[in-house]
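**Student:** Got a structure here, written out as structure tokens. Questions coming.
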Amino acid sequence: MAKSHEIKVARRDVQGQGASRRLRHAGVVPGIVYGGDREPVKVQFNHNEIWLAQFNDWFYSSIIDLNLDGTIHKVLLRDMQRHPYKQLVMHLDFQRVNDNEVLHASVPLTFINEDTSPAGKSADVLVTHELKEVNIACLPKDLPQSIEVDLGELKAGDIIYLSGLKLPAGVEIPALKLGKNHDDAVVIAKTAGAEEASAE
């Protein structure tokens, strides 16, 4: 299982836009923790800690341990609001997860060995990454931080679809149960001639 990440959080007793504005001025980010068999809890985070955490993939796709007054809430980030032009995180929504319940999450794709593949070494081939993340379903213990896509054998004309991904044990892609029309392309290797012809 991936390394655990803990973030300390405090209970937020004040509510409303004015209160949230004061919190942000004080270097605090308002948020909420909901889901599971417990009531939603209004919380607040240290802005600097959240600002640094948001630059890591794990912040978006890993189960995070929120430490609230010594009680650990296992959660997934469900929404983050940023200021449109200031370097500020405005609000965070986290959903509790249950060890015994399947969760749905969006996980980033990590592409490896593209440069050493036949397609990657050819100047006449354009390799496009059609997807950068994929929606999966699994138990919390099986949640991967990312899914690796090995492009080492990729050749001109190849297409890698969702169904061609090697998934970790216990992980599935729900979209594939909906039929072939949902088996989206992940990577496409086109020759330059084919690219020009499709553009005409």
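The values are calculated or read from the model by the stated rules, or taken from the named source; none is laboratory data. None of the values given here were measured: they were computed from a predicted structure. In this analysis, Cβ positions are derived from the backbone assuming ideal geometry, glycine residues included, and neighbour counts consider all displayed protein chains. The protein model used for the area step is the full one, side chains on, heavy atoms only, and it has no ligands, DNA or RNA in it. Shrake-Rupley method; radii C 1.70, N 1.55, O 1.52, S 1.80 Å.
**Student:** Considering each residue of segment 160-195, count those that are modelled with pLDDT of 95 or more, assigned to a strand (DSSP E or B) and open to solvent by 60 Å² or more (accessible area, probe 1.4 Å), and give that number.
**Tutor:** Going through segment 160-195 one residue at a time, the tally reaches 2.
**Student:** Can I ask one more? Which condition number does Val134 fail, the rest of (1) surrounded by 17 or more Cβ atoms within 10 Å (Cβ to Cβ); (2) more than 14 Å from the chain's Cα centre (by Cα) being met?
**Tutor:** (2)
**Student:** Run down Val125, Val102 and say which single residue is of a type in the set (A, V, I, L, M), surrounded by 13 or more Cβ atoms within 10 Å (Cβ to Cβ) and within 19 Å of the chain's Cα centre (by Cα). Step through it out loud before you land on a result.
**Tutor:** Working: Val125 fails: within 19 Å of the chain's Cα centre (by Cα).
Among Val125, Val102, only Val102 is of a type in the set (A, V, I, L, M), surrounded by 13 or more Cβ atoms within 10 Å (Cβ to Cβ) and within 19 Å of the chain's Cα centre (by Cα).
**Student:** Here's a follow-up. Quick check: is even one residue across segment 64-84 in a loop (DSSP other than H, G, I, E, B) and surrounded by 14 or more Cβ atoms within 10 Å (Cβ to Cβ)?
**Tutor:** Going residue by residue through segment 64-84, those that are in a loop (DSSP other than H, G, I, E, B) are 69-70, 83-84.
This time we only want the ones that are surrounded by 14 or more Cβ atoms within 10 Å (Cβ to Cβ), so: none.
No, that holds for no residue.
**Student:** List every residue pair whose Cβ atoms lie under 6 Å apart, where the two residues are 6 or more positions apart in sequence or sit on different chains, the first residue falls within segment 51-72 and is among the charged types (D, E, K, R), and the second residue, located anywhere, is exposed (fewer than 15 other Cβ atoms within 10 Å of the Cβ) and part of a helix (DSSP H, G or I).
**Tutor:** So the pair list comes out empty.
**Student:** Here's another thing I want to ask about it. Which of the residues belonging to segment 43-63 are open to solvent by 50 Å² or more (accessible area, probe 1.4 Å) and farther than 16 Å from Val89 by Cα?
**Tutor:** Within segment 43-63, just Asp57 meets the criteria.
**Student:** Within segment 112-130, is there a residue that is in contact with a strand residue (DSSP E or B) (Cβ under 6 Å, 6 or more places away or on another chain), part of a loop (DSSP other than H, G, I, E, B) and hydroxyl-bearing (Ser, Thr, Tyr)?
**Tutor:** No, that holds for no residue.
**Student:** Do we find that Glu39 is at pLDDT 90 or above, open to solvent by 40 Å² or more (accessible area, probe 1.4 Å), out of contact with any Asp or Glu (no Cβ under 6 Å at 6 or more places or on another chain) and among the acidic types (Asp, Glu) in this structure?
**Tutor:** Numbers: at pLDDT 90 or above: no; open to solvent by 40 Å² or more (accessible area, probe 1.4 Å): yes; out of contact with any Asp or Glu (no Cβ under 6 Å at 6 or more places or on another chain): yes; among the acidic types (Asp, Glu): yes.
Considered against the rule, which asks whether it is at pLDDT 90 or above, open to solvent by 40 Å² or more (accessible area, probe 1.4 Å), out of contact with any Asp or Glu (no Cβ under 6 Å at 6 or more places or on another chain) and among the acidic types (Asp, Glu), Glu39 comes out as no.
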